[in-house]
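Novice: Sending over a structure as structure tokens; questions will come in a sec.
Every number in this text was worked out from the coordinates using simple rules, so none of it is lab data. As the structure is a computational prediction, the values presented were derived from the model and not from experiment. Cβ placement follows ideal geometry from the backbone for every residue including glycine, while neighbour counts extend to all protein chains displayed.
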Amino acid sequence: MIETNPAIRVSEIFGPTIQGEGPLIGLPTVFIRTGGCDYRCSWCDTLHAVDNQFRHEWKMMPVDAVWQSVVELSGTQPVMVSLSGGNPAIQPLGALIDRGHGAGYRFALETQGSVVRDWFVDLDVLVLSPKPPSSEMRTDWAAIQACVDAAQEKPQVVLKLVVFDESDYAYAKEAAARFSRLPVFLQPGNHTPPRPGNEDASVDLDGIIKRMQWLVDKVTRDRWFEARVLPQLHVLLWGNKRGV
Ligand code: SF4
């Protein structure tokens, strides 16, 4: 039996603001950032939702309470809800998605694809973001395939790949070849990610823009015409600031 009001480990709920990256870039969105992640990427930009040392900031919230926050933030008007983290796939989010759909809200989830859930099929958008070599994580391609299979072609499924360097770029090409039916979004990495407690620290925007230019050049020279190259819009607008 599906539990209708399970507790979700939440790091923060905020918005509406615009989605800053990936296929929904620019779309007004309320964000639910869950706490905890099975990865530890070297350049993680949400350590406050990953590292156990920040666990005291996370709250176990029943679906009812999470949903109440979303409704209040959106002024009861249906909006896109982004489920992010951390790795949101390790939280029980199926009942929340059901609740929101009943009120006309839509749900996008972003995950590295290490954990598969049967409720992926109920999402509207599933963003799979396998982590490249610069993250110092290892990819379980079978797990990512299982995520694609769990979606059963119901939500829109896309690949989003962060690229810092040549080996990340080669990895992105490999991922695109493995999942050739999925749209691909490439994003230049932020090499000056926020550190918890210092989120307003400035970013090296010049460096990020140079990396984006390099990436555009790579893609066009390679005639990789199916790939879309996008910045992290929120980083361009607000730097490393949290909650925007
Ligand atoms: S998978 Fe995402 S949230 Fe988890 S450590 Fe890597 S970048 Fe951070």
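Novice: Provide the per-residue ³J(HN,Hα) series for segment 167-174, in order, calculated from phi with Karplus coefficients 6.51, -1.76, 1.60 and θ = phi - 60°, each as a whole number of Hz, with x at glycine and proline positions.
Specialist: Residue by residue, segment 167-174 yields 5, 5, 5, 4, 4, 4, 5, 4 Hz.
Novice: Looking only at Cα atoms, what is the convex hull volume of segment 7-238 per residue, in Å³?
Specialist: It comes to 114 Å³ per residue, whole-number rounded.
Novice: Mind putting together the pair-distance distribution for segment 86-211? All Cα pairs, 5 Å bins, whole percent per bin, short to long.
Specialist: 2, 10, 18, 20, 17, 14, 12, 6, 1
Novice: Using R₀ = 35 Å, calculate the FRET efficiency as 1/(1 + (r/R₀)^6) where r is the Cβ-Cβ separation of Thr76 and Asp51; round to 0.05.
Specialist: 0.50
Novice: At a Förster distance of 35 Å, what's the computed FRET efficiency of Ala7 paired with Gln152, Cβ-Cβ distance as r, to 0.05?
Specialist: The computed FRET efficiency comes out at 0.80.
Novice: Multiply the residue separation of His191 and Leu233 by 0.36 nm, subtract the distance between their alpha-carbon atoms, and state the gained length in nm to one decimal.
Specialist: 13.6 nm
Novice: Here is a follow-up. Return the distance in nm (one decimal) between the two label points of a simple spin-label model at Asp38 and Asn198, each offset 7 Å from Cα along Cα→Cβ.
Specialist: 3.1 nm
Novice: I would also like to ask the following. Restricting to DSSP H runs of at least four residues, report the calculated mean residue ellipticity at 222 nm for the chain, -39500 (n - 2.57) per run over all residues, nearest 500 deg cm²/dmol.
Specialist: -8500 deg cm²/dmol
Novice: Along the Cα→Cβ direction, 7 angstrom out, place labels at Val121 and Arg223. What is the inter-label distance in nm?
Specialist: 4.1 nm
Novice: Using DSSP to define loop residues, name the trypsin sites (Lys or Arg not before Pro) in segment 6-87 whose beta-carbon has at most 16 other beta-carbon atoms within 10 Å.
Specialist: Of the trypsin sites (Lys or Arg not before Pro), the ones in loops of segment 6-87 whose Cβ has at most 16 other Cβ atoms within 10 Å are Arg40.
Novice: Let me ask you something else. If exposed means no more than 12 neighbouring beta carbons inside 10 Å and the site is in a DSSP loop, what's the longest run of the chain without any exposed GluC sites (Glu not before Pro)?
Specialist: 4-135
Novice: Using DSSP, restrict attention to beta bridges with both residues in the chain and report what percent are antiparallel, rounded to the nearest 5.
Specialist: Of those bridges, close to 30 percent are antiparallel.
Novice: Whole angstrom only: what separates the Cα centroid of segment 52-115 from the Cα centroid of segment 160-219?
Specialist: After rounding, the separation between the Cα centres reads 25 Å.
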